[in-house]
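Working notes, beginning with the structure itself.
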Amino acid sequence: MGAATSLWKDAWRRLLRNRAAATSLVFIIALVIFVAAAPLLGLPSPLEQDLEHTNEGPSAAHPLGTDELGRDVLSRLVHGGRVSLLVGLGVQIATAAIGMSLGLAAGYMGGSVDVSIMRVVDTMYAFPPFLFAVFMAAILPPSVWSIVLVLVLVGWPWEARVTRGIVLSLKESEFVAAARAVGASSGRIMFRHILPNSLSPIIVGFTIGIAGTIIAEAGLSFLGIGIRPPTPSWGGMIDRGRLFLRVYPHLALYPSIALALTVLAFNFLGDGLRDALDPRLRSR
């Protein structure tokens with residue numbers, strides 16, 4: 001336990017020495033706090049319309065201006081961020097739970113279990129992921145939960161394949177052989193010995209996967225088959241803003257900046273975690 005704790009502390013120190021990753025971590029924490037505290041910020045409702053003050057620039061009443069229906073852009077930006085982060089985190093948790101469980105079973109048990117699970121994975125890979133997501137989103141009822149379901153269906157095969165590969169590389173290790181020798185059950189070996197030693201690449205994939213999920217949700221919303229109006233989403237705001245890009249560029253600019261910064265932050269954090277958790281760098 002002490003050695004494992006020391007390794008995690010060492011990884012944490014190396015993560016903080018990575019300026020891009022540390023800055024990204026601070027940005028993500030600040031963003032989460034900001035969007036979680038949205039009801040406490042005194043912002044107008046993101047759905048409240050004021051047709052007498054449409055397409056206005058920044059002002060004291062509306063720090064980022066208003067859109068074509070007089071809705072506060074800052075309020076919609078914050079609430080759109082809540083949607084993006086909730087979808088990103090929710091999809092990755094569900095994807096990790098399903099993919100890790102199936103990948104762990106396939107890699108450790110092998111045989112017909114492995115063949116059956118990997119055939120399903122291969123079948124899912126036969127469809128281009130984003131086109132499959134577009135197709136599913138178009139036929140499901142419009143809701144946040146439908147988007148979550150679609151992105152989980154797209155994401156779990158990758159998680160299962162990665163986990164299976166890690167398990168295959170670990171299941172013949174000496175510590176697994178020692179656990180078998182003392183009579184440990186298959187369940188105990190999988191969840192107490194193999195899974196904890198698989199967490200490093202899974203954590204990295206989880207972090208970077210949030211960025212990919214946010215981009216996918218924004219893309220579906222931009223196409224009009226993701227989060228449906230009037231619920232605010234960054235992709236939907238960019239889609240509406242592009243119609244007024246020449247005369248009111250702020251309508252598309254602000255959500256585009258928010259989306260880009262958030263995705264970059266998760267990617268930089270994922271890269272930093274990859275370097276911090278790489279066992280080959282622990283002696284540096």
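Figures for the structure shown
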{"read-out": "Selection count where residues are of a type in the set (Val, Ile, Thr) and more than 20 Å from the chain's Cα centre (by Cα), scope segment 70-120", "value": "5"}
{"read-out": "Condition broken by residue 127, with the remaining ones in (1) under 18 Å from residue 213 (Cα atoms); (2) under 20 Å from the mean Cα position of the chain (by Cα) satisfied", "value": "(2)"}
{"read-out": "Residue in segment 172-180 that is modelled with pLDDT of 80 or more and more than 21 Å from residue 94 (Cα to Cα) present", "value": "yes"}
{"read-out": "Test result for residue 216, in contact with a helix residue (DSSP H, G or I) (Cβ under 9 Å, 6 or more places away or on another chain), more than 30 Å from residue 255 (Cβ to Cβ) and modelled with pLDDT of 80 or more", "value": "no"}
{"read-out": "Verdict on residue 110 being of a type in the set (Gly, Ala, Ser) and either at pLDDT 90 or above or under 30 Å from residue 171 (Cβ atoms) (or both)", "value": "yes"}
{"read-out": "Pairs, first in contact (Cβ under 8 Å) with a residue 24 or more places away in the chain in segment 23-39, second of a type in the set (S, T, N, Q), C-beta under 6 Å, six or more apart", "value": "none"}
{"read-out": "Pick from segment 117-151, criterion surrounded by 15 or more Cβ atoms within 10 Å (Cβ to Cβ) and under 11 Å from residue 216 (Cα atoms), ranking: modelled with the lowest pLDDT", "value": "129"}
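The values are calculated or read from the model by the stated rules, or taken from the named source; none is laboratory data. Predicted model only: the values in this text are computed from it and were never measured. Here Cβ is always computed from backbone atoms with ideal geometry, including for glycine, and neighbour counts include all displayed protein chains.
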